[in-house]
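Report on one structure; see the data block that follows.
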Amino acid sequence: MNFCWIVWSPDPEIFSVGNFTLLWYGVLFATGLVLAGWYVWCRFKEFGFAQSAFENLIVWSFFGIFLGARLCHCLFYEPDYFLSRPIEMFFPVGVDEMGNYYFSGYHGLASHGAVTGLMLALVLFRWRSKLPLLPIMDWAAIGTPLAGAFIRLGNLMNSEIVGAPTDVAWAFVFPAIDDLPRHPAQLYEALFFFVLFGVGVFLFKRLGYRRVREGFYLSLMLIVIAGFRFCIEFVKEVQVGFERDMVLNMGQWLSVPLFVLGVFLMIYTQKSVKNSVNLENNN
């Protein structure tokens, strides 16, 4: 037994009053989204976009992230269960053995779906608002790792999405799972995302749109995040049983199209896209 191993067994609840329970996961999830949104709002102000447009963007983004994350989990990770209970895909209810409905909360959100849903929501937002699409996608992409970092800390507080068994000195033991020392994969991802957010902010401050074209930051984040996610899965425990029989797990397969999309957008935008005049004037 390595004396450096950390036994991780926090209470996922912050407090409970009556039927209301405040969870660390919910607080950290909301914190990440608010801070990422704040970064995008700062760019909206910097480039002279209206506050009303940003408020509409928040609505579109919320539904895109939620629906994308929820559908991706339900259809790719637990299709047999949710296709037979479609109401549970969209509503936080469950059905007991007697056929009675009860509040269950939402269990299962997939980050790949959240990214995809956000991009689709931004496309629809651009169609309605007529604002330039790629710069807004760039700013959202830079803010995304910040949201991802807090979400992974929420996963850590829930003792979920754990790493594979290991004997490294900094291993965590999750009693809620088993008594095996494991990679603290949630921390790996959270730390990586915090660093990536800092890098994105630094690059945008240094380069803006003077040396790169619109879509550069979106492409970069897609490539780096998808590539990292593909690699980190090698030290993570599979989330559902059928993944044990797969050469690559579901998280890795879902990372491939996002990586390819990032490479395509990097080549296309940096060769074919012309920056908007108003953005050039602000940098």
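Brief remarks on what is shown
- Residue among Phe197, Trp5, Ser255 farthest towards the positive dipole end of the chain, charges placed on Cβ: Phe197
- By the beta-carbon count within 10 Å of each Cβ, the least crowded to most crowded order of Ile232, Ile65, fewest first, is Ile232, Ile65.
- Comparing Cα centroids, the stretch 4-52 and the stretch 180-204 end up 16 angstrom apart.
- Here is the list for the stretch 180-283: trypsin sites (Lys or Arg not before Pro) lying in DSSP coil, each with at most 11 other C-beta atoms within 10 angstrom of its C-beta, are Arg210, Arg211, Lys274.
- Within the chain, the ratio Rg/Rh, alpha carbon atoms throughout and Rh by Kirkwood, equals 0.99.
- Helices in the chain that qualify as membrane-span-like (whole DSSP H runs, Cα extent of at least 20 Å along the helix axis, mean Kyte-Doolittle hydropathy of 1.0 or higher) are 51-72, 133-157, 185-207, 216-232, 250-272.
- Where N is the number of residues in the stretch 1-150, Cα Rg divided by 2.2 N^0.38 Å: 1.26
- Percent of Cα pairs exceeding the 25 Å cut-off, where the set is the stretch 140-283: 38 percent
- Cβ crowding within 10 Å, taken as a proxy for footprinting-reagent exposure, orders Phe150, Phe91 from fewest neighbours to most as Phe91, Phe150.
- Over the chain, dividing the summed -39,500 (n - 2.57) contributions of all DSSP H runs of at least 4 residues by the number of residues returns a 222 nm mean residue ellipticity of -19500 deg cm²/dmol.
- Counting neighbouring beta carbons within 10 Å and listing from fewest to most, the residues His73, His183 come out as His183, His73.
Laboratory data are not the source of any read-out in this text; all were calculated from the coordinates shown. Keep in mind that this is a model prediction, so the values were computed, not measured. Counting neighbours? That spans all protein chains shown, and the Cβs are built from the backbone with ideal geometry, glycine included.
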